[in-house]
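This report refers to the structure that appears directly beneath it.
Only the coordinates and a few stated rules stand behind these numbers; no lab work does. Being a predicted model, the structure only gives us computed values, none of them experimental. Glycine also receives a Cβ, built like all others from the backbone with ideal geometry; neighbour counts cover every protein chain displayed.
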């Protein structure tokens with residue numbers, strides 16, 4: 001847990017997201033008319049405090065990565081609001097957008113495909129500097145690259161080597177160095193350890209936490225691995241089929257999950273269990289198609305507690321307990 005997370009309510013909100021929605025049109029026919037929409041993200045809202053690790057979890061295809069990319073505007077959202085340091089991030093264009101983007105960066109999931117094989121380590125890390133023009137002289141640029149390489153545990157002798165000469169863990173350290181070289185405020189970590197061996201995962205997670213303490217970084221940590229999320233997070237948001245199901249502090253969510261989907265996710269986390277095997281909540285059925293999501297609560301087709309109301313009425317995300325939000329009719 002972050003050292004700055006003792007009382008997040010007193011920390012400054014660095015990033016605020018309200019009613020974020022992303023629809024991808026499905027086109028067909030000779031005229032390529034829109035015949036349907038993929039509902040990737042539906043009405044998602046959250047705040048990220050300075051120095052906080054805010055995690056987004058859920059099954060594959062639930063909209064986690066799309067949410068992160070929409071926040072960063074790698075994908076333009078269909079609707080909603082994103083505020084960065086009180087500034088309307090979605091309204092920015094041109095130079096103003098370029099300036100604001102220095103405050104928010106991304107660590108990619110795959111350390112093998114996210115690095116240009118024709119660039120040296122020094123040039124990969126310095127690329128954001130070259131684009132932003134923050135260090136005008138070569139001496140300042142090189143000094144910053146060496147400083148960041150040292151911060152992420154890369155030997156300076158590696159400066160002029162190429163990505164294919166490194167292991168997965170070392171490549172991800174290069175990706176992390178590139179993400180922090182401009183000293184951002186928010187780093188979006190899109191499954192940053194899922195492609196790594198378990199032993200290497202722990203080292204990368206520890207590095208991220210160390211950098212957070214030293215630089216005061218805020219993380220949006222996207223993952224399907226609830227064990228990793230429990231280790232690194234301050235706040236956790238659970239998503240299903242593009243919707244926000246539950247949001248609470250890490251300790252509260254793991255100790256007292258409210259939503260039936262969250263309970264089912266936590267039940268499949270590998271750990272020493274004292275309960276009988278039949279007490280586990282196993283989800284039945286398949287995830288509905290995002291091009292034709294069910295009416296009412298998107299989870300009602302798999303929920304063991306679903307009622308007629310769930311099939312017809314979309315539950316609003318509300319504060320079921322202090323600072324614990326849940327989108328479920330059971331807790332209204």
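How big is the convex hull of the Cα atoms of segment 122-194, per residue, in Å³?
So the per-residue Cα hull volume is 92 Å³.
Output needed for segment 37-86: three equivalent-ellipsoid semi-axes, defined as square roots of 5 times the C-alpha gyration tensor eigenvalues, in descending order, whole Å.
19, 15, 9
Over the chain, what relative contact order in percent results from Cα pairs under 8 Å that are six or more residues apart?
21
Hey, what D do you get for the chain in µm²/s if you plug the Kirkwood alpha-carbon radius into Stokes-Einstein at 10 °C and 1.306 mPa s?
75
How high is the relative contact order of segment 129-265, in percent, counting Cα pairs under 8 Å that sit 6 or more residues apart?
Relative contact order here is 16 percent.
With angles folded into 0 to 90 degrees, how steeply does helix 198-215 sit against the dominant principal axis of the chain? Use alpha carbons for both and round to 10.
That works out to roughly 70 degrees.
What is the spread of the Cα atoms of segment 71-112 along each of their three principal axes, largest first, in whole Å?
34, 23, 18
Give the percent of DSSP beta bridges with both residues in segment 177-332 that are antiparallel, rounded to the nearest 5.
70
Taking only the alpha carbons of segment 84-219, what extent do you get along each of the three principal axes, in Å, biggest first?
41, 32, 27
Across all directions of projection, what mean area in square nanometres is found for the Cα convex hull of segment 279-326?
Across all orientations, segment 279-326 yields a mean hull projection of 4.5 nm².
How large is the Kirkwood hydrodynamic radius of segment 188-332, counting all unique pairs of alpha carbons, in Å?
Kirkwood hydrodynamic radius for segment 188-332: 16.9 Å.
Calculate the tail of P(r) for segment 1-121: the fraction of all Cα-Cα distances greater than 24 Å, expressed in %.
Looking at segment 1-121, the distances longer than 24 Å represent 42 percent of pairs.
Principal axis lengths of segment 192-276 from Cα atoms, whole Å, largest first?
Per principal axis, max minus min of the Cα coordinates gives 39, 26, 23 Å.
Given a Förster distance of 25 Å, report the FRET efficiency between residue 138 and residue 165 from their Cβ-Cβ distance, rounded to the nearest 0.05.
Approximately 0.55, to the nearest 0.05.
Any idea what angle helix 168-180 forms with the longest principal axis of the chain, computed on alpha-carbon atoms, 0 to 90 degrees, nearest 10?
80
Return the equivalent ellipsoid semi-axes of segment 93-145 as a descending list in whole Å, where each equals the square root of 5 times an eigenvalue of the C-alpha gyration tensor.
20, 18, 9
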